[in-house]
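Engineer: Starting off with a structure, shown below.
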Amino acid sequence: MTDSPSPKPGKVLVPAENLRVFAAALLQKGGLSPDHAGTTAEVFVWAAQRGVDSHGIARVPAYLELLAKGIANATPEIRLESATPAAVVLDADRAPGPVALTAAAEEAVARARTTGIAAVGVRRTVHTGAIGRYVSKIAEQGLVGLAFVAGMPNMGYTGVKGAAVATSPLAIAVPADGRAPLLLDMATATIALGKIRQAKASGTPLPEGAAATGDGTPTTDPEKAVMPLPLGGAKGSGMSLAFELLTSVLVGAPIFADFHSGDPKGRKHRQNALLIAVDPAAFGGAEPFAESVEATLATLKTLTPADGAEGVYYPGERSAAVAAERAADGIPVAPKVWKQLTEAAEELGVALPALAGERGRSAARVVTERPHRYAKQLVSHLGRRAETSWDDERGEGRLLFQDGVSTLTAEDDALLLTVEAEGGSLERLETVVGRHLVRFGTKDELVVEWLRDGGEPGGTYRAE
């Protein structure tokens with residue numbers, strides 16, 4: 001038996017699936033539909049699992065605020081405009097970025113299957129989140145994904161005083177058979193705004209040339225720094241301006257010009273994006289492309305590491321390793337973020353997720369005329385999903401799942417069940433067992449209600 005993984009001091013360790021369910025529940029209470037809440041939570045957890053904590057679960061409280069203030073539209077009417085076979089504009093109607101860009105990625109893939117390459121411009125969304133997630137979704141379908149985003153000016157521009165352009169990011173994902181996809185996800189700033197806030201909280205000096213005061217004067221003092229400086233000077237600021245033209249101006253929703261016009265409406269928060277999907281099959285064939293990608297990455301890995309280097313990595317390789325580690329051990333959540341999430345959960349009436357290493361328990365009593373037959377049917381059917389056993393004489397059975405166990409006891413007129421899960425994976429086991437119980441129910445009104453430790457209700461499943 002191995003010890004439970006230990007997070008860094010002060011951090012809470014939460015299984016990824018529990019964190020996703022929890023975040024989705026909070027966002028749904030904040031006004032999003034179940035589908036949109038689930039999509040948004042998935043993007044946050046994807047980022048957190050890869051160590052991009054600035055765009056991870058820490059974003060939930062901020063999104064709840066955006067929804068509460070009406071900055072983000074909880075019930076957007078997303079529509080496609082200006083469509084041609086290979087290009088379309090998606091008007092997001094101020095939908096949260098994860099909702100709008102996930103839809104854009106799916107649209108780009110669908111069109112690129114026919115046209116070879118397709119572009120989807122996204123107009124009027126609110127905070128796009130980790131754009132690496134959207135190009136990764138494209139790469140998961142065997143296509144190459146590219147994304148550009150433009151937002152509100154919050155970064156210096158070479159030769160200009162004060163904030164002039166945005167820390168606009170770009171992302172590229174290339175599928176790699178047998179490996180994690182190549183994933184380049186970067187901003188046009190030298191340092192993220194979140195890093196400046198972290199340095200201020202810890203009193204750590206900032207790197208030279210990374211940040212500036214309000215008038216654009218470079219500084220290493222986190223107390224004086226209010227904005228990042230562009231990556232590579234004129235290169236970073238030039239890229240940001242180009243992305244404004246490729247996104248905002250292209251879809252007819254300029255940000256830069258309106259922001260600097262003096263009109264207060266021009267400073268209303270919004271973002272625009274452009275997603276592109278490229279099908280390798282249209283450029284000489286998918287198989288030759290995949291072979292060449294593998295040869296390229298394999299060659300990179302054979303190069304001699306520089307002195308002091310841990311190894312040679314391609315973009316996205318290390319974040320994929322972090323994701324695998326956190327999938328197994330759980331995602332660390334910083335104390336400040338956990339406090340904010342706990343307060344939001346209490347205010348909205350959402351149960352906190354079980355932490356890694358905790359063992360949760362649910363119980364249910366199902367009234368049925370033939371409990372023995374019922375239990376044996378359930379054990380037999382679930383044999384494909386779990387290691388099963390049944391003692392007919394004692395009327396008892398066990399279902400051993402990968403992440404938990406369910407025990408069945410048949411009485412004269414009822415079937416008693418318990419579900420125990422490591423790391424609080426009760427939602428998954430309750431769903432699997434509960435749905436199959438209803439499926440084999442002998443009465444149309446059969447209801448399975450779980451009751452968890454502490455009296456917290458679990459899932460409820462009704463016969464259809």
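The values are calculated or read from the model by the stated rules, or taken from the named source; none is laboratory data. Computed from a predicted structure; not experimentally measured. Here the Cβ positions follow ideal geometry from the backbone for every residue, glycine too, while neighbour counts run over all protein chains shown. The area values use the complete protein model at the heavy-atom level, side chains included, leaving out ligands, DNA and RNA. Shrake-Rupley method; radii C 1.70, N 1.55, O 1.52, S 1.80 Å.
Engineer: Cβ-Cβ below 6 Å, separation at least six or inter-chain, first residue in region 270-295 and closer than 18 Å to Leu182 by Cβ, second open to solvent by less than 60 Å² (accessible area, probe 1.4 Å) and of a type in the set (Val, Ile, Thr): which pairs?
Structural biologist: Leu275/Val120; Ala277/Val109; Ala277/Ile138; Val278/Val144
Engineer: Residue under question is Ala118, and the condition is that it be touching a helix residue (DSSP H, G or I) at 6+ places or on another chain (Cβ under 7 Å) and over 23 Å from Ser54 (Cα atoms); does it hold?
Structural biologist: In short, yes.
Engineer: Now a separate question. Looking at region 205-252 only, could you name the residues that are more than 22 Å from Ile276 (Cβ to Cβ) and in contact with a Leu (Cβ under 8 Å, 6 or more places away or on another chain)?
Structural biologist: Gly209, Ala210, Ala211, Ala212, Pro218, Thr219, Thr220, Asp221, Pro222, Ala225, Met227, Pro228
Engineer: Next up: Go through region 300-337 residue by residue and tally those that are closer than 24 Å to Val135 by Cα, surrounded by fewer than 18 Cβ atoms within 10 Å (Cβ to Cβ) and hydroxyl-bearing (Ser, Thr, Tyr).
Structural biologist: Adding up the residues that qualify gives 1.
Engineer: Taking the options Ala41, Ala47, Ala37, name whichever one is at pLDDT 90 or above, of a type outside the set (S, T, N, Q) and in contact with a Gly (Cβ under 7 Å, 6 or more places away or on another chain). Walk me through how you get there before you give the answer.
Structural biologist: Working: Ala41 fails: in contact with a Gly (Cβ under 7 Å, 6 or more places away or on another chain); Ala37 fails: in contact with a Gly (Cβ under 7 Å, 6 or more places away or on another chain).
From the options Ala41, Ala47, Ala37, the qualifying one is Ala47.
Engineer: Could you tell me whether region 179-188 includes any residue that is out of contact with any Cys (no Cβ under 8 Å at 6 or more places or on another chain), β-branched (Val, Ile, Thr), within 16 Å of Gly97 (Cα to Cα) and open to solvent by less than 20 Å² (accessible area, probe 1.4 Å)?
Structural biologist: Within region 179-188, none of the residues are out of contact with any Cys (no Cβ under 8 Å at 6 or more places or on another chain), β-branched (Val, Ile, Thr), within 16 Å of Gly97 (Cα to Cα) and open to solvent by less than 20 Å² (accessible area, probe 1.4 Å).
Engineer: Restricting to region 34-81, give me the number of residues that are among the aromatic types (Phe, Trp, Tyr) and surrounded by fewer than 20 Cβ atoms within 10 Å (Cβ to Cβ).
Structural biologist: Restricting attention to region 34-81, the residues satisfying the condition of being among the aromatic types (Phe, Trp, Tyr) are 44, 46, 63.
Checking the rest, the ones that are also surrounded by fewer than 20 Cβ atoms within 10 Å (Cβ to Cβ) come to none.
The qualifying residues number 0.
Engineer: Turning to a different aspect of this structure: Identify all residues within region 138-163 that are in contact with a Leu (Cβ under 9 Å, 6 or more places away or on another chain) and either under 29 Å from Thr102 (Cβ atoms) or at pLDDT 95 or above (or both); write none if there are none.
Structural biologist: Listed by number, the residues that qualify are Ile138, Ala139, Gly145, Leu146, Ala147, Phe148, Val149, Ala150, Asn154, Met155.
Engineer: Can you tell which of Ser389, Ser380 is modelled with pLDDT of 70 or more, part of a strand (DSSP E or B), open to solvent by 40 Å² or more (accessible area, probe 1.4 Å) and not charged (D, E, K, R)?
Structural biologist: Ser389
Engineer: Okay, moving on. Within region 301-354, can you find the residues that are within 16 Å of Val12 (Cβ to Cβ), assigned to a helix (DSSP H, G or I), modelled with pLDDT of 90 or more and of a type outside the set (Gly, Ala, Ser)?
Structural biologist: Arg326, Val337, Trp338, Lys339, Gln340, Leu341, Thr342, Glu343, Glu346
Engineer: Also, quick follow-up: Right, Thr114: open to solvent by 30 Å² or more (accessible area, probe 1.4 Å), not charged (D, E, K, R) and not in a loop (DSSP other than H, G, I, E, B) or not?
Structural biologist: yes
Engineer: Moving on. Looking only at region 147-163, decide whether some residue is among the polar types (S, T, N, Q) and more than 22 Å from Val251 (Cα to Cα).
Structural biologist: yes
Engineer: Tell me, yes or no, whether region 237-251 has at least one residue that is part of a loop (DSSP other than H, G, I, E, B) and modelled with pLDDT of 95 or more.
Structural biologist: So far as region 237-251 goes, yes, one or more of its residues are part of a loop (DSSP other than H, G, I, E, B) and modelled with pLDDT of 95 or more.
Engineer: Could you say which residue among Ala92, Ala25 is open to solvent by less than 60 Å² (accessible area, probe 1.4 Å), of a type in the set (Gly, Ala, Ser) and modelled with pLDDT under 95?
Structural biologist: Every option except Ala25 fails the conditions.
Engineer: Within region 43-91, which residues are of a type in the set (S, T, N, Q), more than 13 Å from Val126 (Cβ to Cβ) and assigned to a loop (DSSP other than H, G, I, E, B)?
Structural biologist: Passing the criteria: only Thr75.
Engineer: Can we say Arg365 is in contact with a strand residue (DSSP E or B) (Cβ under 9 Å, 6 or more places away or on another chain), within 22 Å of Ala16 (Cα to Cα), at pLDDT below 75 and open to solvent by 50 Å² or more (accessible area, probe 1.4 Å)?
Structural biologist: Criteria not met by Arg365.
The rows are residues; the columns are (1) closer than 30 Å to Ile191 by Cα; (2) at pLDDT 95 or above; (3) among the aliphatic types (A, V, I, L, M).
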{"residue": "Arg59", "(1), (2), (3)": "yes, no, no"}
{"residue": "Glu65", "(1), (2), (3)": "yes, yes, no"}
{"residue": "Arg79", "(1), (2), (3)": "no, yes, no"}
{"residue": "Ser82", "(1), (2), (3)": "no, no, no"}
{"residue": "Ala86", "(1), (2), (3)": "no, yes, yes"}
{"residue": "Pro98", "(1), (2), (3)": "yes, yes, no"}
{"residue": "Val109", "(1), (2), (3)": "no, yes, yes"}
{"residue": "Thr114", "(1), (2), (3)": "no, yes, no"}
{"residue": "His127", "(1), (2), (3)": "yes, no, no"}
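Engineer: Considering only residues of region 184-204 that are among the hydroxyl-bearing types (Ser, Thr, Tyr) and out of contact with any Leu (no Cβ under 8 Å at 6 or more places or on another chain), which is modelled with the lowest pLDDT?
Structural biologist: Ser202
Engineer: Here is a follow-up. Quick one: would you say Arg133 is under 28 Å from Lys235 (Cβ atoms), in contact (Cβ under 8 Å) with a residue 60 or more places away in the chain and under 16 Å from the mean Cα position of the chain (by Cα)?
Structural biologist: Considered against the rule, which asks whether it is under 28 Å from Lys235 (Cβ atoms), in contact (Cβ under 8 Å) with a residue 60 or more places away in the chain and under 16 Å from the mean Cα position of the chain (by Cα), Arg133 comes out as yes.
Engineer: Ok, one more. In region 100-107, is there at least one residue being open to solvent by less than 10 Å² (accessible area, probe 1.4 Å), at pLDDT 95 or above and over 19 Å from the mean Cα position of the chain (by Cα)?
Structural biologist: Among the residues of region 100-107, not one is open to solvent by less than 10 Å² (accessible area, probe 1.4 Å), at pLDDT 95 or above and over 19 Å from the mean Cα position of the chain (by Cα), which makes the answer no.
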